[in-house]
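The values are calculated or read from the model by the stated rules, or taken from the named source; none is laboratory data. Predicted model only: the values in this text are computed from it and were never measured. Using ideal geometry, Cβ is built from the backbone for each residue, glycine included, and neighbour counts are taken over all protein chains shown. Just so you know, the surface numbers come from the protein's heavy atoms only, side chains and all, with ligands and any DNA or RNA stripped out. Shrake-Rupley method; radii C 1.70, N 1.55, O 1.52, S 1.80 Å.
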Amino acid sequence: MPLKILFSPKQSEEIVAIARSLAPPDCELVIADVGTPEFQKAAPEIEYYLGLARKLDADFFRATPKLKLLQLLSAGYDRVDMNAARMAGVPVSNNGGANAIAVAEHTMMLILATLKRLVSLHANVVAGNWRGDAKVYELSGKTLGIVGLGNIGKKVARRAAAFDVDIQYFDIARLTEDQEDALGVRFVLFDELLKTSDIVSMHVPLDATTRSMISTRELALMKKSAVLINTCRGPVVDENALHEALKHQKILAAGLDVMTQEPPKPEHPLFALPNVTLTPHSAGPTWENWTARFRNGFDNIQRVAAGRPAKWVVNDLKEE
């Protein structure tokens, strides 16, 4: 019997072609958006989910009683109802770091764009103001504080090292001393990192412990010359507190790829500030890593189909 795989949400024909080129020969790939009649028709026989987190709630798990693995193509999993997944006994796996390079590169771009005032300089040029008076800064010699040293955080550290920065990190899972030496990083406490870093870059999953991890207290600890970068999840940063800190120049600038509400409202207060650089949650998906994400996803599905445990599982199936 072929493996029944739901691919959702629908993507462009080019992306679907990549998926089909990597799909196992013994699979039936059903392409449908969750909640649609197409989904409802296929759901009772679906064994594997491959895609992004959209409406993956208790209703979804009730509709897919044969589901054996929920395989995400994203690194984040905060839009999955983890309690419903646990109750259904379904492991949830993320993409195994397939987009880590893309997010790390995007992080470096935002760091440089904020320090070099890229957006302001561009606006000045097109407005006929050739030089302007924006202060720009060098990255060399700065201290980078990485909050969350997982797949993405490590890749940020490796790329930042080329800019001659000092790198420190905070993570609930510390590296060994040998691992720190190899990566060129050192562990510091969270508050210590905030007080001593010139750039604070967030790379944590969104859960109850990280929601509003950066708020009024934390921003007050940062240097007035510091830059905050967020490429993980919007709610990790309290946007109201960030707006106040930027408006009153309590920190220098911020570079954000993610926001609490996506897309944000047209009149969002951060839009009016000159010291914010924004991108539309575009750090993760690149043309190159669609292949890597599908490869990891199909490999994990085949592991489970063969009776082996899934890799990159992010939920706990044990009863609380």
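Counting lysine pairs in the range 199-320 whose alpha carbons fall under 18 angstrom apart, excluding pairs fewer than 8 residues apart on the same chain, gives 4. I'd like the accessible area for Ser12: 1.4 Å probe, protein heavy atoms, all chains in place, Å² to the nearest 10. Looks like 50 Å² after rounding. Between Gln302 and Trp287, residue separation times 0.36 nm minus the direct Cα-Cα distance comes to 3.0 nm. Here, the range 115-225 yields an orientationally averaged convex hull projection of 8.5 nm² when only Cα atoms define the hull. Kirkwood radius and radius of gyration were both taken over the C-alpha atoms of the range 202-245, and their ratio Rg/Rh is 0.94.
What's the whole-number percent of alpha carbon pairs in the range 95-143 lying beyond 17 angstrom?
Here the long-distance tail beyond 17 Å is 50 percent of all Cα pairs in the range 95-143.
Relative to the Cα centre, the charge distribution of the chain, modelled as +1 at Lys and Arg Cβ and -1 at Asp and Glu Cβ, gives a dipole magnitude of about 260 debye. A simple count of charges around Ala220, restricted to other residues whose Cβ falls under 13 Å of its Cβ and scoring Lys, Arg +1 and Asp, Glu -1, yields +1. With one equal scatterer per alpha carbon and no solvent term, the Debye-computed log10 I(q)/I(0) for the range 1-135 at 0.12, 0.18, 0.19 1/Å reads -0.60, -0.97, -1.06.
Loop-only check: which GluC sites (Glu not before Pro) in the range 238-267 are DSSP coil with at most 15 other Cβ within 10 angstrom? Here the sparse-neighbourhood loop sites are Glu267. Other residues whose C-beta falls under 13 angstrom from the C-beta of Ser21 contribute a net charge of 0, scoring Lys and Arg +1 and Asp and Glu -1. As a ratio to 2.2 N^0.38 Å, the alpha-carbon radius of gyration for the range 203-320 is 1.37.
Per-residue ellipticity at 222 nm computed for the chain from its helices equals -10000 deg cm²/dmol, with DSSP H segments shorter than 4 residues left out and the rest contributing -39,500 (n - 2.57). Averaged per residue, the range 168-275 has 50 square angstrom of accessible surface, using a 1.4 angstrom probe with ligands and nucleic acids left out. The apolar share of the surface of the chain, taken as the fraction of accessible area on carbon and sulfur atoms (1.4 Å probe, ligands and nucleic acids excluded), comes to 53 percent. Per the Kirkwood formula applied to alpha carbons, the chain shows a radius of gyration over Rh ratio, Rg over Rh, of 1.01.
If R0 is 30 Å, what FRET efficiency do you get for Leu22 and Ala134 from their C-beta distance, rounded to 0.05?
E(calc), rounded to 0.05, equals 0.05.
For the chain, complete DSSP H runs whose alpha carbons reach 20 Å or more along their own long axis and whose mean Kyte-Doolittle score is -0.5 or higher are 100-115.
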